[in-house]
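Trainee: Starting off with a structure, shown below.
The values are calculated or read from the model by the stated rules, or taken from the named source; none is laboratory data. Just so it is clear, the model here is predicted, and its values are computed rather than measured. Don't worry about glycine lacking a Cβ; one is built from the backbone with ideal geometry, like all the others, and counts go over all protein chains shown. SASA here: full protein model, heavy atoms, side chains in, ligands and nucleic acids out. Shrake-Rupley method; radii C 1.70, N 1.55, O 1.52, S 1.80 Å.
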Amino acid sequence: MKEITAIIQPHTLSRVMHALHALPHFPGVTLFDAHGQGRGRGTGGAFRLTEENFTFHKKTTLLIACDDAHADSIVATIVQAAHTGNKGDGLVTLKDVARVIRIRTGETADQAL
């Protein structure tokens, strides 16, 4: 099993969700509003942090648990739908999940997804 975390621009969320729902094996998603900074390079390639210049950009974070066989297609779908070509398009990470338990039924592993 895999856990996919995608940090995207909020204005791309509708496109991403439509693309994900078009997948026959889409397992569902949890969304979080987030604020963050990129690499912190300003004009001239350097960023000097002071208490006055914290600039955080609004982002949306998607969290998806899925089986191994579908992880790559879900990641590709997110990347394609969230891509604008502009700085700050986002980031997708993929992690192995050791165990999953559905609270309501007690199901585990792939049955819990």
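Trainee: Looking at Q111 and the list (1) at pLDDT 95 or above; (2) surrounded by fewer than 13 Cβ atoms within 10 Å (Cβ to Cβ), which single condition is not satisfied?
Mentor: In the conditions (1) at pLDDT 95 or above; (2) surrounded by fewer than 13 Cβ atoms within 10 Å (Cβ to Cβ), Q111 misses (1) alone.
Trainee: Right, something else. I'm trying to understand the selection: among the residues of the stretch 96-110, which are in a loop (DSSP other than H, G, I, E, B) and among the hydroxyl-bearing types (S, T, Y)?
Mentor: Within the stretch 96-110, just T105 meets the criteria.
Trainee: G28 is checked against (1) at pLDDT 90 or above; (2) on the phi < 0 side of the Ramachandran plot and fails just one. What number does that condition carry?
Mentor: Status for G28: all satisfied but (2).
Trainee: Kindly indicate the residue of the stretch 70-95 that is more than 15 Å from the chain's Cα centre (by Cα) and open to solvent by 90 Å² or more (accessible area, probe 1.4 Å) and also modelled with the lowest pLDDT among those meeting that condition.
Mentor: K87
Trainee: How many residues does the stretch 33-69 contain that are modelled with pLDDT of 85 or more and of a type in the set (K, R)?
Mentor: Qualifying residue count, the stretch 33-69: 2.
Trainee: Also, quick follow-up: Being surrounded by 15 or more Cβ atoms within 10 Å (Cβ to Cβ) and either in contact with a strand residue (DSSP E or B) (Cβ under 9 Å, 6 or more places away or on another chain) or closer than 17 Å to D72 by Cα (or both) is the filter here, so list the residues in the stretch 6-26 that pass it.
Mentor: Scanning the stretch 6-26 gives A6, I7, I8, Q9, T12, L13, V16, M17, A19, L20, F26.
Trainee: Follow-up question, since we're still on this one. Pairs needed: first member in the stretch 62-85, in a helix (DSSP H, G or I); second member anywhere, charged (D, E, K, R); C-beta distance under 7 Å; at least 6 residues apart or different chains.
Mentor: D68/K2; A71/K2; A81/R15; A82/D89
Trainee: A follow-up question, please. Considering each residue of the stretch 28-37, count those that are open to solvent by 50 Å² or more (accessible area, probe 1.4 Å) and either touching a residue at least 60 places away in the same chain (Cβ under 8 Å) or part of a strand (DSSP E or B) (or both), and give that number.
Mentor: Total meeting the criteria: 5.
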